[in-house]
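Have a look at the structure below, then the notes.
The values are calculated or read from the model by the stated rules, or taken from the named source; none is laboratory data. This is a predicted model, so every value here is computed, not measured. Here the Cβ is made from the backbone with ideal geometry for all residues, glycine too, and neighbour counts use every protein chain on show.
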Amino acid sequence: MAIRVAVAGAAGRMGETVCRAVDAAEDMQLTGRADPALSTPVAEVLPNADVLVDFTIPDSAIANAREAVGAGVHVVIGTTGFDPAQLRGLTGANVFVAPNFAIGAVLMMQFAAQAARHMAKAEIIELHHDRKIDAPSGTAARTAALMAEASPTHATPPIHSVRLPGLVAHQEVILGDVGQTLSIRHDSTDRESFMPGVLLAIRRVGGLTESPVVGLERLLEG
């Protein structure tokens, strides 16, 4: 049976890309598009959904997740700029949150955490399109947290945010030590880069044994 998927933020650029990806997936059915621009509230699409995918804004994402879980609908959140801890304690369905759904970005974060154990200092530069609301990005914040966790004797790396038209999603981690530097960079030049991760999350969210779960690496490890 196909997974019934509704998308919140369906009129946005990421939302539209998710809708196309779900529509093209053989094991999924796009059953609803919620967005103020479409005059369709989330409550209207939940009765026909197994999973709600949210690419909206922080306040909306939290409210949408609570409403969906209350209706027994699992939630996959790609919205950033909020603390996932605010979703703890919700019962009735599972919540999965990822600051970045690109497989390459997940690898970049893991490589940076590994390198942080061996290099003296690091800084992070994240670059996104000029319509991105939050700064630093969720990806940069999570990268810094993973690096600090991997090397607790070092300070959390500083983050520099760039917002310019023409960009999509880019991040470079620069590590330095005596007589050397190491750069680890990931570039998403098209929003299609996020879709394999989004579809993986849709397929796996219903089987999670804890909730909320944060980070695509948690699904790749399983």
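Brief remarks on what is shown
- Evaluation of GLY89 against (1) more than 22 Å from VAL198 (Cα to Cα); (2) outside the structural domain of ARG204 (by TED's automatic domain parsing) (one fails), failing number: (2)
- Where a residue in the range 3-14 is closer than 13 Å to GLU44 by Cα and its partner, wherever it lies, is of a type in the set (Phe, Trp, Tyr) and in a loop (DSSP other than H, G, I, E, B), with Cβ under 9 Å and at least six apart: VAL7/PHE55; ALA8/PHE55
- Subset of the range 2-26 (residues that are more than 16 Å from THR80 (Cα to Cα) and among the basic types (Lys, Arg)): ARG4, ARG20
- Selection from the range 84-127 of residues that are surrounded by fewer than 23 Cβ atoms within 10 Å (Cβ to Cβ), in contact with a helix residue (DSSP H, G or I) (Cβ under 9 Å, 6 or more places away or on another chain) and part of a loop (DSSP other than H, G, I, E, B): LEU90, THR91, GLY92, ALA93, ASN94, ARG117
- Selection from the range 156-189 of residues that are over 15 Å from LEU127 (Cβ atoms) and loosely packed, with under 12 Cβ neighbours inside 10 Å: VAL178, GLY179, GLN180, THR181
- Criterion violated by PHE194 - all others in (1) buried (at least 19 other Cβ atoms within 10 Å of the Cβ); (2) out of contact with any Ser or Thr (no Cβ under 9 Å at 6 or more places or on another chain); (3) under 28 Å from VAL95 (Cα atoms) satisfied: (2)
- Test set (1) buried (at least 24 other Cβ atoms within 10 Å of the Cβ); (2) among the hydrophobic types (A, V, I, L, M, F, W, C); (3) in contact with a Leu (Cβ under 6 Å, 6 or more places away or on another chain) - ALA140 fails condition number: (3)
- Within the range 43-64, considering residues that are in contact (Cβ under 8 Å) with a residue 60 or more places away in the chain and in contact with a strand residue (DSSP E or B) (Cβ under 9 Å, 6 or more places away or on another chain), the one surrounded by the most Cβ atoms within 10 Å (Cβ to Cβ): VAL53
- Qualifying residue in the range 156-165 (condition: in contact (Cβ under 8 Å) with a residue 60 or more places away in the chain and more than 12 Å from ALA98 (Cα to Cα)): no
- Top-ranked residue in the range 13-38 [being under 25 Å from LYS132 (Cβ atoms) and among the small types (Gly, Ala, Ser); ranked as surrounded by the most Cβ atoms within 10 Å (Cβ to Cβ)]: ALA34
- Hits in the range 213-222 (condition: in a helix (DSSP H, G or I) and either modelled with pLDDT of 95 or more or of a type in the set (D, E, K, R) (or both)): GLU217, ARG218
- Residues of the range 73-91 satisfying the condition of being at pLDDT below 95 and not hydroxyl-bearing (Ser, Thr, Tyr): GLY81, PHE82, ASP83, PRO84, ALA85, GLN86, LEU87, ARG88, GLY89, LEU90
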